[in-house]
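The values are calculated or read from the model by the stated rules, or taken from the named source; none is laboratory data. All of these numbers come straight from a predicted model, not from anything done at the bench. Cβ sites come from the backbone with ideal geometry, for glycine too, and all protein chains shown count toward neighbours.
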Amino acid sequence: MRCPICKREVAFPDPQIPFCSERCRLIDLGNWAAEKYVISVPAVPEVEPPEERKEGNGP
């Protein structure tokens with residue numbers, strides 16, 4: 001596996017996984033805080049509330 005920040009190899013039992021170091025972990029956290037990363041599609045689609053029937057508008 002490679003570190004998503006610096007692309008160095010990371011061994012499976014490394015406690016920093018998926019990062020190679022605390023430095024790369026903090027850089028990633030800073031990227032999230034600075035809103036450099038965004039989730040383009042909601043994980044759970046929004047459910048629209050059912051339309052309420054208005055009196056006098058059909059069955």
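Hey, can you tell me all the residues within region 30-48 that are in a helix (DSSP H, G or I), of a type in the set (G, A, S) and at pLDDT below 95? Passing the criteria: only A33. The residue pairs whose first member lies in region 5-29 and is part of a helix (DSSP H, G or I), whose second member is of a type in the set (S, T, Y), and whose beta carbons are closer than 9 Å, counting only pairs six or more residues apart or on different chains, are D28/Y37.
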